[in-house]
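The values are calculated or read from the model by the stated rules, or taken from the named source; none is laboratory data. Quick caveat, the model's predicted, so the values are computed rather than measured. Please note: Cβ atoms are built from the backbone with ideal geometry, for glycine as well, and neighbour counts cover all protein chains shown. For accessibility, only protein heavy atoms count, side chains too; no ligands or nucleic acids. Shrake-Rupley method; radii C 1.70, N 1.55, O 1.52, S 1.80 Å.
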Amino acid sequence: MTQIASNLRLGAENLLMNCAGVRSGQSLLVIAEDPACGMYGEGLADAIADVARDLGCDVTVTVLPFDPGQADNSDDILASMEPHDQTVFLHRVGDQLRFSSVLASKRPIVCYALDREMLASGFGQTDHDAMIELKNLVNRALAGAQDIHLTCPLGTDVRGGRAQFPNSGSDTSVVRFPQSVFTPVPGSGFRGTVAQAGFLVGTGSNYYDPYGVELRDTLFIAFEDERITGFDGSAEDVAAARKHYCHVADQLGIDPWVMHSWHAGIHPGCAFKDSAGASLERWSGGAFGNPRLLHFHTCGNYAPGEISLNIVDPTVLIDGVPVWQEGRFFPGRLAGGEELLDRYEQLGALFRAPAQEIGLSANGRLQFEA
Ligand SMILES: [Fe+2]
């Protein structure tokens, strides 16, 4: 076995055993997107299926093309899941259904490791339980805070009180693998300005056209509670943003001016090696778990909204403590964080040398064009 094969196996075992909880004798369905669609890499589904068979599972792999409207016609997919103990989506339709109630009883896995390299890296290998514990530590800190203050080098300045998480239930109907964000913090109780460079892009919820629009300079989006209250920046960018919000909202019949919620990446192994502009769809589905990125869900009164605003290198002060500092996440500054890093050595090591690649262009910014 080569080193890469061995790392890939460890990533797949983490997905299957620690996250999906599959056991010998169970039946597993893998719903995979055709690699020709450009989202998931070649050989990823086969690698996961091979490891599952080695674990004693009966595995079915279904390869489907990507159809942007599929989530609205998901009866066939749901029916195909029925006879199996567990389902793993290597397909965007799983991501599209992540906040939908139809999958809530099944709790399938959606894999955000988009290719074999990502699954074989620290992103795929870090114990799933460690990431769940880390997510919970962040949620607890945000829910108990008096003052949360977000800033970024481009001028984001957003402030609010404690995170007013909904009282019950999980934040998604699917289980994410790897777990790489905390629960979205509602916009309610927050106000300020978000500085956005490069582009406005979709969230993976619906695929509309155009999926992204270019921003030539920094656009400032002001909001209060859950309402966007204004745009500031170059006349060209302000006009492009207004037009895009209205266009997307009209297409989908939703309220454009919603600032629904925000969250940041918590996974130090999440590396995205292409530039964002090379494929905005792939970038928005693969890079967000890196702590150098924090995003807002806007346009539409639901998570994840339809337009995301992406902040690079955020600082997040929780009651004055810089838990994120210029894009670096310090879990040791959370209650229970040091102890968690001691218990999960691999996670501790990753946080000492976190992945830096998040799809920035040569000028160090997010850009619309590759
Ligand atoms: Fe999100």
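Restricting the stretch 336-370 to GluC sites (Glu not before Pro) that sit in a DSSP loop and have at most 11 other Cβ atoms within 10 Å of their own Cβ leaves 369.
Determine the distance separating the Cα centre of the stretch 323-342 from the Cα centre of the stretch 216-263; give it in Å without decimals. Cα centres, the stretch 323-342 to the stretch 216-263: 32 Å. Between the listed residues 192, 6, 47, the Cα displaced farthest toward the positive end of the dipole of the chain, a dipole computed from Cβ unit charges relative to the Cα centre, is found at 192.
The stretch 154-205 and the stretch 53-115 have their alpha-carbon centroids 24 Å apart.
The ratio of the alpha-carbon radius of gyration of the stretch 16-95 to the globular-protein estimate 2.2 N^0.38 Å is 1.07.
Excluding residue 313 itself, what net charge comes from residues whose Cβ is under 12 Å from its Cβ, given Lys and Arg +1 and Asp and Glu -1? Counting the neighbours of residue 313, the net charge comes to +2. The GNM of the chain, with springs linking C-alpha atoms under 10 angstrom apart, assigns the highest mean-square fluctuation among 52, 276, 104 to 104.
Size descriptors for the stretch 295-345 (Cα atoms only): Rg and Dmax, in that order, 14.6, 41 Å. Counting protein heavy atoms only, the stretch 318-370 has 49 percent of its accessible area on carbon and sulfur, 1.4 angstrom probe. Projecting the Cα atoms of 298, 288, 229 onto the charge dipole of the stretch 222-370, computed from C-beta unit charges around the Cα centre, puts 288 farthest toward the positive end. Projecting the Cα positions of 335, 89, 57 onto the charge dipole of the chain (unit charges on Cβ atoms of Lys, Arg, Asp and Glu, taken about the Cα centre) puts 335 furthest along the positive direction. Mean silhouette area of the chain, derived from the convex hull of its C-alpha atoms and averaged over all directions, reads 17.0 nm².
For the chain, modelled as a GNM whose springs connect Cα atoms under 10 angstrom apart, the maximal fluctuation among 230, 277, 253 occurs at 253.
Most tightly packed first, judged by the mean number of other beta-carbon atoms within 10 Å of their residues, the peptides 19-30, 66-77 read 19-30, 66-77. Note on the stretch 61-110: Cα-only Rg and Dmax are 10.0, 27 Å.
Most simply put, the chain has about 70% antiparallel DSSP beta bridges, counting only bridges with both residues inside it.
A Gaussian network model of the chain, with springs between Cα atoms under 10 Å, assigns the largest mean-square fluctuation among 115, 46, 225 to 46.
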